[in-house]
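Let me give you the structure first, and then I'll get to my questions.
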Amino acid sequence: MEDVAAASGITKLIVYRHFSSKEDLYRAVLEQVSSRMVEVFVDNVQHGTSTVGVRTYLTVARELPDAFVLLWRHAAREPQFAEHAEAFRHRAVEVAAANLAERGPLTAWAPEALVDTLVAQVLDWLAHGDPAHDDEFLDRAARGLRAMVVAWR
């Protein structure tokens, strides 16, 4: 909590006025990043963005990098936060499944693989990619995901 206070330029007492524990703070961060992902996704859909999924994940990862990593890499391993992380991942898989017209015995796992691949790509790009080349990443990642879907069909 001291690190959070120092990074925020406030006292630890003020942090504790808003969050009674580290667990409450962690939960608030997960809620913030999850809500932001939904907002960006809906906005991208409403604007007819062609790379909705990839753009949503990258946008939120750039806006809230630590929170994005917390949600997609760490929360599932923490017993008190695993349920939130898994529920959010499940909703992402449901969205991917709804966008796959065909599903059979060989492709029933495809939505899971799409979400996992997308998350891995964005986490790696966030850690190693140059923000100046985000548009190129978006294009290549989207083409790669579409190629996976075509291959499964």
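Heavy atoms only, probe 1.4 angstrom, no DNA, RNA or ligands counted: give me Asp66, Asp139 ranked by accessible area, highest first.
So the residues, ranked largest to smallest area, are Asp66, Asp139.
Compare the Cα positions of Ala61, Val150, Pro111 along the charge dipole of region 36-153 (+1 at Cβ of Lys, Arg; -1 at Cβ of Asp, Glu; about the Cα centre) and return the one farthest towards the positive end.
My answer, from the dipole projection, is Val150.
Using only alpha carbon pairs under 8 Å that are at least six residues apart, calculate the relative contact order of region 66-153 and give it in whole percent.
26 percent
P(r) for region 62-153, please, calculated from all Cα pair distances in 10 Å bins and given in %.
Per 10 Å bin, starting at zero, the Cα-Cα P(r) for region 62-153 comes out as 15, 42, 34, 10, 0 percent.
Could I ask something else about it? Suppose a student asked you for the relative contact order of region 13-83, using Cα pairs under 8 Å spaced at least 6 residues apart; what percent would you report?
29 percent
For a protection proxy built on the mean count of beta-carbon atoms within 10 angstrom, sort 42-50, 82-90 highest first, please.
Most protected by this proxy first, the peptides run 82-90, 42-50.
Roughly how many nanometres apart are two label points built 7 Å out from the Cα toward the Cβ at His47 and Met148?
2.5 nm
How far apart, in nanometres, would the label points at Arg77 and Asp24 be if each is projected 7 angstrom from Cα along the Cα-to-Cβ direction?
With each label point 7 Å from Cα toward Cβ, the separation is 2.7 nm.
Still on this structure: By average Cβ neighbour count within 10 Å, what is the ranking of 141-152, 27-38, 114-125 from highest down?
Top of the packing list down: 114-125, 27-38, 141-152.
Once you charge only the Cβ atoms, +1 for Lys and Arg and -1 for Asp and Glu, what is the size of the charge dipole of region 18-61 about its Cα centre, to the nearest 20 debye?
Rounded to the nearest 20 debye, it is 120 debye.
Taking θ = phi - 60°, what integer Hz values does the Karplus form 6.51 cos²θ - 1.76 cosθ + 1.60 yield along region 87-99, in sequence order, with x for Gly and Pro?
Calculated HN-Hα couplings, in order: 5, 5, 4, 4, 5, 5, 5, 4, 5, 4, 5, 5, 8 Hz.
Right, next: Report, to the nearest whole %, how much of the accessible area of region 64-153 belongs to carbon and sulfur atoms, 1.4 Å probe, protein only.
Solvent-exposed carbon and sulfur of region 64-153 make up 56 percent of the total.
Solvent-accessible area per residue for region 24-153 at a 1.4 Å probe radius, Å²?
I get 56 Å² per residue for this part.
The values are calculated or read from the model by the stated rules, or taken from the named source; none is laboratory data. All values derive from a computational prediction rather than experimental measurement. Neighbour counts are summed over all protein chains in view; Cβ atoms, including those assigned to glycine, are modelled from backbone coordinates with ideal geometry. Areas reflect the complete protein model, heavy atoms only, side chains present, ligands, DNA and RNA absent. Shrake-Rupley method; radii C 1.70, N 1.55, O 1.52, S 1.80 Å.
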